[in-house]
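*Asks:* This structure is in structure tokens; I'll ask about it shortly.
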Amino acid sequence: MKVGETVTLKATVLPSDAANQTIAFSTSDAALATVTPVQGKVTAVAAGETDITVTTVDGGKTAICHIVITA
């Protein structure tokens with residue numbers, strides 16, 4: 001990604017018939033990239049590398065997307 005760009009991440013909870021499909025996105029460094037907790041919209045703020053994590057609310061399962069941001 002380049003500074004100023006946005007991308008929306010999508011996460012799928014399996015099994016598809018799980019009772020609670022709720023997830024939450026978070027960033028490891030908001031100075032480099034911000035993310036909306038529900039929608040997963042990532043905005044590159046500054047050059048560097050950061051991780052965006054999505055966590056299931058029911059069960060605490062996680063997945064990580066590593067993001068490289070260039071000027």
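Every read-out reported here was derived from the displayed coordinates using simple, explicitly stated rules and does not represent laboratory data. It should be emphasised that the depicted structure is a prediction, and the values quoted were computed from it without experimental measurement. All Cβ positions, glycine included, derive from the backbone under ideal geometry; neighbour counts span all protein chains shown.
*Asks:* Would you list, by chain and number, the aspartates and glutamates whose Cα falls below 18 Å from the Cα of K41, excluding same-chain residues fewer than 8 positions away?
*Replies:* Within reach: E5, D29, E49, D51.
*Asks:* For the chain, what Kirkwood radius comes out of the mean inverse Cα-Cα distance, in Å?
*Replies:* 12.4
*Asks:* Work from the charge dipole of region 6-69 (Cβ charges, +1 for Lys and Arg, -1 for Asp and Glu, about the Cα centre) and give the residue of V35, T50, T8 farthest towards its positive end.
*Replies:* Ranked along the dipole, the leading option is T8.
*Asks:* About its Cα centre, how strong a charge dipole does the chain have in debye, to the nearest 20, once Lys and Arg get +1 and Asp and Glu get -1 at the Cβ?
*Replies:* 140
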